[in-house]
Structures are given as C-alpha cells and as structure tokens.
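Q: Below is one structure. I have some questions about it.
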C-alpha cells in the first residue's frame with residue numbers, strides 16, 4: 001500500500017471531503033489530481049500506479065461523496081455534484097490548474113470538470129470513460145457475475161472490505177452501493193459539441209474487455225480535438241488501472 005505524505009478533510013459543498021497528498025513536498029509544478037472509480041477508494045483505483053505517478057510530482061487524490069473516508073450526506077450523487085466538489089477542493093487547496101486522471105466514475109467527473117471548467121484542467125486522462133449511455137456494452141449493465149466485463153464476486157467483496165475498513169459508517173455500505181448504482185445508470189448531459197470544445201490535451205484509455213465499447217471510445221477520440229486513444233489488450237474494467245507494465249509508460253509519457 002502506498003502511504004500518503006499527508007491526508008486531511010476539507011469542508012466543501014456540505015461535505016467533509018477526504019483527500020491525500022503524495023509526492024515531493026517541494027514540487028512547484030502543476031499537480032496531478034487522481035479521481036477514483038465508483039465504490040472504490042483511492043487505494044483500490046490507484047495503488048498500482050501511484051508510486052510511479054508521485055515519484056516526481058505532487059499528487060492530490062480525493063475520495064468522493066460517500067466513498068472511502070468521506071461520509072455520505074443527504075444529497076443526490078451526480079456527476080455534476082462530484083465535479084463541483086472537486087473544483088471546490090482545488091479552490092480550498094489554492095490550486096488554479098491541475099492535470100487529471102479519472103477512472104470510470106472518476107473519468108466522468110474529470111470530463112465534467114474539463115467541460116464546465118476548462119481553465120482548471122491542464123492535461124486530461126479519461127480511463128474507462130464514456131460520454132453517453134450507449135457507450136457501454138449491453139452485458140455490462142446486467143447485475144450478475146456472468147459477463148467477463150463485470151467485477152467478480154471477489155472484486156465486489158474487495159470493495160466492501162475496503163469500505164468497511166475506512167468508512168465513517170461501515171454499516172452504510174448497501175445504501176451507499178444503491179446510491180452509486182443510480183448514479184452509474186443516470187443519463188449523461190454532454191453533447192458531441194461539448195467534446196469538440198474540450199481544450200485539454202486528452203488521452204483516452206480503455207481495456208479491450210471493458211464496460212466501454214471500443215467503437216464509442218474511438219468516437220470520443222474523433223470528437224475531442226487532438227485526443228489519443230489506447231486500448232489495452234486482455235484487460236477488463238477492473239484490471240485497467242492495475243496494468244502497470246503497459247499503463248505507467250503511457251501515463252508518464254503523456255503527462256510528462
């Protein structure tokens with residue numbers, strides 16, 4: 001497990017939002033913000049790549065509403081509200097602009113920041129991210145364990161265990177899971193023109209056995225000006241951020 005330099009909670013939009021700081025204390029360059037996947041913690045999404053990413057730059061890694069160390073509040077969990085929380089955290093930390101890596105729900109949140117607050121985003125990595133609902137394979141929407149694209153029972157148990165280990169209210173998991181599921185299946189508000197207007201240099205990354213259809217990722221690559229697309233072979237949604245031998249060189253070159 002990667003141990004952060006520091007961690008704290010910030011008061012943003014009615015949340016006590018947990019965040020971690022990794023990397024050199026004296027780094028004065030543009031920080032990197034990591035936005036984790038749904039039902040994940042920072043560690044579940046990024047433990048495999050964090051050491052390499054934080055080797056030479058400051059990394060800020062928050063946990064969303066209801067996720068990990070951040071307690072849930074009486075508010076719908078929407079991509080817009082999660083993005084607003086992230087921007088408010090950047091304001092709280094005095095960060096005018098950052099690079100972003102968002103995975104799954106974190107990718108949706110990073111895209112929302114890039115669309116609504118383009119001045120806050122330097123470079124943008126969207127991992128396992130779609131921009132409208134038909135971007136997913138049909139079998140990725142089936143709530144069972146039959147599709148190889150979906151998390152296994154062991155994967156779901158890992159999520160439950162990670163939540164129980166750090167959540168302010170460990171007994172809240174099933175209610176929290178239901179809330180995230182609603183978020184994951186809610187309509188997305190972006191248009192093709194929104195993607196055409198994205199200003200940040202963008203790298204799209206998916207697995208070849210991901211939730212996201214390769215054709216949909218290719219459509220996003222065509223829409224976002226100058227975007228790059230990487231499809232990792234023999235890679236599921238859950239495995240994507242753990243494919244360090246392929247992913248770390250891609251990320252360090254793009255972000256460098």
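All of the numbers you see were taken from the coordinates with simple rules; none came from a lab. In this text, all values refer to a predicted model and were calculated from it rather than measured experimentally. Counting neighbours? That spans all protein chains shown, and the Cβs are built from the backbone with ideal geometry, glycine included.
Q: How high is the FRET efficiency from residue 119 to residue 215, r the C-beta distance, R0 41 Å, rounded to 0.05?
A: Working: r = 32 Å, r/R0 = 0.77.
Efficiency at R0 = 41 Å is approximately 0.85.
Q: May I pose another question? Enter the Cα centre distance for the pair region 198-218 and region 85-114, rounded to the nearest angstrom.
A: Answer, in whole Å: 18.
Q: Run through every distinct alpha carbon pair of region 6-255 and return the Kirkwood hydrodynamic radius in angstroms, one decimal place. Show your work: numbers first, answer last.
A: Values: mean 1/r = 0.0556 Å⁻¹.
The answer is 18.0 Å.
Q: Contour minus end-to-end for residue 13 and residue 222, with contour as 0.36 nm per residue of separation and end-to-end as the Cα-Cα distance? Mind showing how you got there, number by number?
A: Values: separation 209, 0.36 × 209 = 75.24 nm, distance 3.50 nm.
My answer for the length gained is 71.7 nm.
Q: Considering only 155, 74, 193, give the residue with the highest GNM mean-square fluctuation for the chain, with springs between Cα atoms whenever their separation is below 10 Å.
A: 74
Q: With r defined as the distance between the Cβ atoms of residue 96 and residue 5 and R0 fixed at 22 Å, what FRET efficiency is calculated, to the nearest 0.05?
A: On the way: r = 21 Å, r/R0 = 0.95.
Calculated transfer efficiency: 0.60.
Q: Mind giving me the nanometre distance, one decimal, between the label points for residue 147 and residue 134, set 7 Å out from Cα along Cα→Cβ?
A: Modelled inter-label distance: 1.6 nm.
Q: Now, a different point. Using a Förster radius of 45 Å, what is the FRET efficiency between residue 250 and residue 169 based on their Cβ-Cβ separation? Nearest 0.05, please.
A: Working: r = 37 Å, r/R0 = 0.83.
Working from the Cβ atoms, E equals 0.75.
Q: Report the gain in length on full extension from residue 52 to residue 186: 0.36 nm times residue separation, minus Cα-Cα distance, nm rounded to one decimal.
A: 44.8 nm
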